[in-house]
C-alpha cells in the first residue's frame, strides 16, 4: 500500500505490552518524532523491511528519531518473550522493541496489517501511515520532515538511502503470485477429500491431482487450528504437496516440543532443489528446524509455477504458513541481449 496522509490523530501509548529492549517509552509529550512499526518475526514482508528500519535508526537516532518495533504475534508461539528476544538478536535490531502479546497496542492503533508503519510527529499525533513493503524513499523523506519539525533543528541530514535490494528498485516488477497459505484448519486451505478430524491424528491419502495454492497432506498428520504437525508415533514418512507460483517460497515451522531439532526434505518438481535451494536448505536438500521461525525453502530470480513436496519423519514437527515473494528485476533492454 502507498503512504497514507492522516488528519491530526493522537497516537496511543504503548500500554499493555512487555518491553523486550529499550523501554518503556512514552508517546505523547515526549517531543520526539516516532516511527511505530508493527511486525512479527515470522512475517516475510516484515523481515524484508527490517534492513531499512535498522539503517534509519543508525542514520537518524542522533537527530531525535525514535523507532519502536511493536511485535504483535501472528502465531501463539510468538507470544513467548524468549523467541522474540532471539529474533531481535538474529536480526541485529538495536532500537526499542515491545512485545504486544495480547494485541492491546494493535487494537489501540486499530491496526490490521503486518508490517505497518505509523509516523508520529513531535506533538504526539499520527501524521501518516504505510502498510506493507515498499515506498522506502517516501517513508524516509517523511522521517526527515518530522525530524526537521523539532524546535531549533538545523543539522544537515543525509541523502535518501539507495534501495537495498534490486527488487526494491523502481524498475522492478511484482507479479500476482500464490497468496499466503496457512497450514491449520482455522485459516488453511486443505485439498484432501473426505472427512477431516481436527485435533486428532489422521492418515491422509494424496489424491494425486493438485490445485495451485492448495495444501495436500499424505501420511500421518495432526491438523490443528494454527498448524499441521507430524504426530508422535507416526508411521512411515509424512508428506506435504503444494503447487504454487512465486519466486521465493518460505515456511514457518516449529521444532518438536521435546527440544530436539527436526529434519525436513525439500523436493521441487520431484527432484532436489539444486540451484533453487533457499538459504535454509542444505546441499543434500534438507532443512534443520531447530527454532520456531520462518525458513526460506526456495529462492529464484524468476517467478514461475513449481510443485513442492516436503517429507519428514520427525515426530512433533509443526508447520504454520507458507509465504511467497513476487518482485523480480527484469533485464535491461540491450544489456547482453541480442
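The values are calculated or read from the model by the stated rules, or taken from the named source; none is laboratory data. All values derive from a computational prediction rather than experimental measurement. Positions of Cβ are backbone-derived with ideal geometry, glycine not excepted, and every protein chain shown enters the neighbour counts.
Values computed for the structure shown
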read-out	value
When residues of the range 168-203 are limited to those that are surrounded by 12 or more Cβ atoms within 10 Å (Cβ to Cβ) and farther than 26 Å from residue 296 by Cα, the one modelled with the lowest pLDDT	196
One residue from 150, 91 being under 24 Å from residue 252 (Cα atoms) and surrounded by fewer than 19 Cβ atoms within 10 Å (Cβ to Cβ)	91
Selection count, the range 122-179, where residues are under 24 Å from residue 63 (Cβ atoms) and outside any loop (DSSP other than H, G, I, E, B)	20
Qualifying residues in the range 221-235 (those that are surrounded by fewer than 19 Cβ atoms within 10 Å (Cβ to Cβ) and at pLDDT 95 or above) - the one farthest from residue 186 (Cα to Cα)	233
Any chance residue 140 is out of contact with any strand residue (DSSP E or B) (no Cβ under 9 Å at 6 or more places or on another chain), over 19 Å from residue 22 (Cα atoms) and not assigned by TED's automatic domain parsing to the domain that holds residue 321	yes
Residues of the range 19-36 satisfying the condition of being surrounded by 16 or more Cβ atoms within 10 Å (Cβ to Cβ) and touching a helix residue (DSSP H, G or I) at 6+ places or on another chain (Cβ under 7 Å)	20, 33, 35
Complete set of residues in the range 57-73 that are under 20 Å from residue 38 (Cβ atoms) and in contact with a helix residue (DSSP H, G or I) (Cβ under 7 Å, 6 or more places away or on another chain)	60, 65, 67, 70, 71, 72, 73
Matching strands (runs of 3 or more DSSP E) fully within the range 180-283 where at least 1 residues are over 14 Å from residue 311 (Cα atoms)	201-204, 215-223, 238-246, 249-254
